[in-house]
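The next block holds one structure in the form of structure tokens; read it before the comments.
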Amino acid sequence: MMTERRNLRLFYIDDRIPPVEMAHIDLVFKGLYGWQTHCRHIFAAPFLEFDLLSVDINFSEDTTDPASADADNNTTWGLIHALTALARRQHHDRVRNRLPLAWEVRSVSPGTHREDVEGLRTYGLLRTLAAMPKDGENIFDCVMREYEESSREALYPASHSLVDTKLDVLFAEDLARQKSHGSEVRDIIDRLLCIWRRRFLEAVRTGTCRLGGSAARNQLAYLKGQNHIVAVGDDGPFVPIGNGKDMEYGIWLVSIFADKLRPDDQGRLTLALNDRFADLAYVEEPDDPVTITEWYGQLVKMGSGAISNPATMLLKVIARANPLIVTDKGDKAPLGALNHELRSSKSEPRANTLFDPPGRGMLLCFLCALSVLESDRPARTLTGLGKQYKIDANERTWRDGIKSNPALFGSLKPSEIAKGIVRAMKGEPEHDLGDIWIWLSEGVARWIKTLPAPKPKDLSDWRNLIRRRAPGLIEDQPLLAEILEDWK
């Protein structure tokens with residue numbers, strides 16, 4: 001049976017007539033216009049799947065709204081529809097991938113809404129719900145970065161200080177400085193697809209969205225042999241989404257690049273694979289033109305790297321954690337010198353909030369292993385880890401990152417992983433970690449290799465401690481045994 005393949009889905013909300021449909025983009029409900037229609041759709045389908053969202057702010061022409069008789073010519077009721085739509089969206093697919101969302105609110109004159117208190121209240125909630133923060137960002141950082149990514153200009157000048165800026169002022173500025181946009185679907189797609197593509201690359205890079213590994217490589221090999229593809233019917237190349245190994249479903253490439261389709265001399269919509277476009281580039285290099293095939297290759301490289309070598313991902317997580325992890329014993333921990341790099345900051349750590357979902361799961365695994373190295377009585381529970389490293393011991397904090405990445409963590413719960421890692425480090429055969437132990441043991445061994453060798457007078461104690469506390473790590477990672485022998 002053929003695996004499902006689909007177009008990107010646009011949820012278009014307006015107070016007037018529905019939009020003209022566009023090839024290779026599916027309209028949710030064929031577009032939505034009016035309060036009464038929205039109520040009926042919520043009743044029929046309380047949860048929705050869509051990738052693109054475009055909402056008109058001004059709903060003054062909605063004659064079905066309860067307040068339509070008293071409406072002026074410039075309302076902000078559309079923001080309520082946008083907030084409702086976003087709250088209904090299914091953020092994860094059936095294999096726990098978090099697909100990105102590209103969204104906009106439309107207005108011919110967005111600056112006129114700056115003083116609308118009701119609209120500003122709703123926009124603030126909407127803007128916060130739609131935010132996609134990166135590691136360490138607060139709401140101010142996130143809003144300003146996302147505004148700059150979508151508009152290619154700064155929300156505030158570099159000289160502006162945010163020390164005294166209130167949240168409502170930030171949201172008012174963000175709303176008022178949105179570009180003036182019309183409601184043509186072609187223009188909406190031109191605006192949103194480039195944002196979605198960059199966010200999709202970012203999601204694959206961070207592991208929040210995974211590919212079907214072998215299917216992705218096969219599709220890339222096919223694209224490298226083509227100059228163009230013709231968008232005819234339900235056929236052609238696609239981006240396979242899956243669990244990192246197997247494909248679950250695909251998204252048509254002509255849908256992801258619907259804004260780049262052009263008619264050939266026979267009138268068929270065609271996607272040129274060798275033209276260079278600046279707006280296909282990775283989010284950190286927005287002005288570096290790439291071809292569609294290069295974009296796909298970048299996607300496969302990031303997706304494959306995240307799954308094929310999780311130990312390398314773990315090292316990056318450890319590097320981010322270095323200045324944040326402290327213990328209840330400070331520098332007097334048994335392996336204090338070994339962990340010096342982890343304790344450059346004595347401020348209250350926020351390690352549980354600064355990592356994407358797979359990163360949080362990997363951080364938990366590393367802390368479990370570190371606990372064994374540091375103590376003869378390692379933490380076997382999340383509560384114990386919380387006390388030792390002053391982190392959030394709530395299982396939900398760690399569960400989401402683990403549950404959403406079965407290719408990395410299998411089907412184990414955080415508490416089961418914590419107990420299993422202690423057993424594995426101690427050399428007990430029945431730890432049930434499976435592939436987790438393969439990449440974790442490699443990553444921990446490689447991390448230890450990056451640390452400076454202990455002083456000669458401490459060398460014997462270090463070797464004995466590691467050998468006594470983590471015989472399973474030494475047994476399964478010959479690299480670590482070599483490191484201990486090389487320390488002189």
Within the range 211-231, residues hydrophobic (A, V, I, L, M, F, W, C) and more than 18 Å from LEU8 (Cβ to Cβ) come out as ALA215, LEU220, ALA221, LEU223, VAL230
State whether the residues of the range 217-235 include one that is hydrophobic (A, V, I, L, M, F, W, C) and without any contact (Cβ under 8 Å) to a residue 12 or more places away in the chain. yes
Requested in this report: For GLY31, indicate whether it is outside the structural domain of VAL232 (by TED's automatic domain parsing) and surrounded by 22 or more Cβ atoms within 10 Å (Cβ to Cβ).
Outcome: no
Of the residues in the range 162-214 that are touching an Asp or Glu at 6+ places or on another chain (Cβ under 8 Å), buried (at least 19 other Cβ atoms within 10 Å of the Cβ) and of a type in the set (Val, Ile, Thr), the one that is farthest from ASN58 (Cα to Cα) is THR206
- request: Can you confirm whether the range 381-391 contains a residue that is over 24 Å from the mean Cα position of the chain (by Cα), more than 30 Å from GLY212 (Cβ to Cβ), buried (at least 24 other Cβ atoms within 10 Å of the Cβ) and modelled with pLDDT of 85 or more?
  value: no
Residue hits (the range 90-125; over 23 Å from GLU184 (Cα atoms) and within 19 Å of the chain's Cα centre (by Cα)) are GLN90, HIS91, HIS92, ASP93, ARG94, VAL95, ARG96, ASN97, ARG98, LEU99
Going through (1) modelled with pLDDT under 85; (2) surrounded by 15 or more Cβ atoms within 10 Å (Cβ to Cβ); (3) closer than 19 Å to ARG121 by Cα; (4) of a type outside the set (S, T, N, Q) one by one, ALA67 fails only at (2)
Check your understanding: Right, ASP164: at pLDDT below 80 and not assigned by TED's automatic domain parsing to the domain that holds LEU261 or not?
Key -> yes
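Out of the residues in the range 394-412 that are within 12 Å of LEU382 (Cα to Cα), in contact with a helix residue (DSSP H, G or I) (Cβ under 7 Å, 6 or more places away or on another chain) and surrounded by fewer than 23 Cβ atoms within 10 Å (Cβ to Cβ), which is modelled with the highest pLDDT?
Of the residues in the range 394-412, the ones within 12 Å of LEU382 (Cα to Cα) are 394-399.
Of the ones still in play, those that are also in contact with a helix residue (DSSP H, G or I) (Cβ under 7 Å, 6 or more places away or on another chain) are 395, 397-399.
Restricting the remaining residues to those that are surrounded by fewer than 23 Cβ atoms within 10 Å (Cβ to Cβ) gives 395, 397, 399.
Numbers: GLU395: 71, THR397: 69, ARG399: 75.
Taking the candidates together, the pick is ARG399.
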Looking for something under 30 Å from ALA215 (Cα atoms) and among the β-branched types (Val, Ile, Thr) - is there at least one such residue anywhere in the range 10-25? yes
Those residues of the range 189-213 that are among the polar types (S, T, N, Q) and at pLDDT 90 or above come to a total of 0
Right, VAL372: buried (at least 23 other Cβ atoms within 10 Å of the Cβ), more than 26 Å from the chain's Cα centre (by Cα) and modelled with pLDDT of 70 or more or not? yes
Of (1) more than 15 Å from MET302 (Cβ to Cβ); (2) within 27 Å of the chain's Cα centre (by Cα), ALA231 satisfies every one except (2)
So, first residue modelled with pLDDT of 85 or more in the range 33-50, second residue part of a helix (DSSP H, G or I) and acidic (Asp, Glu), Cβ within less than 7 Å, six or more apart or across chains; the pairs are none
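Table: residues versus (1) surrounded by fewer than 17 Cβ atoms within 10 Å (Cβ to Cβ); (2) over 23 Å from SER180 (Cα atoms); (3) of a type outside the set (S, T, N, Q).
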{"site": "ILE42", "(1), (2), (3)": "yes, yes, yes"}
{"site": "ASP51", "(1), (2), (3)": "no, no, yes"}
{"site": "SER54", "(1), (2), (3)": "no, no, no"}
{"site": "PHE59", "(1), (2), (3)": "no, no, yes"}
Exception for ALA453 within (1) buried (at least 22 other Cβ atoms within 10 Å of the Cβ); (2) part of a loop (DSSP other than H, G, I, E, B) falls at (1)
The condition of being in a helix (DSSP H, G or I), free of Cβ contacts under 8 Å to residues at least 40 places away in the same chain, within 17 Å of LEU314 (Cα to Cα) and not acidic (Asp, Glu) holds, among LEU440, LEU408, LEU480, LEU385, only for LEU480
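The values are calculated or read from the model by the stated rules, or taken from the named source; none is laboratory data. Remember, predicted model here, so these are calculated numbers, not experimental data. Reconstructed Cβ throughout: ideal geometry from the backbone, glycine too, with neighbour counts over all protein chains shown.
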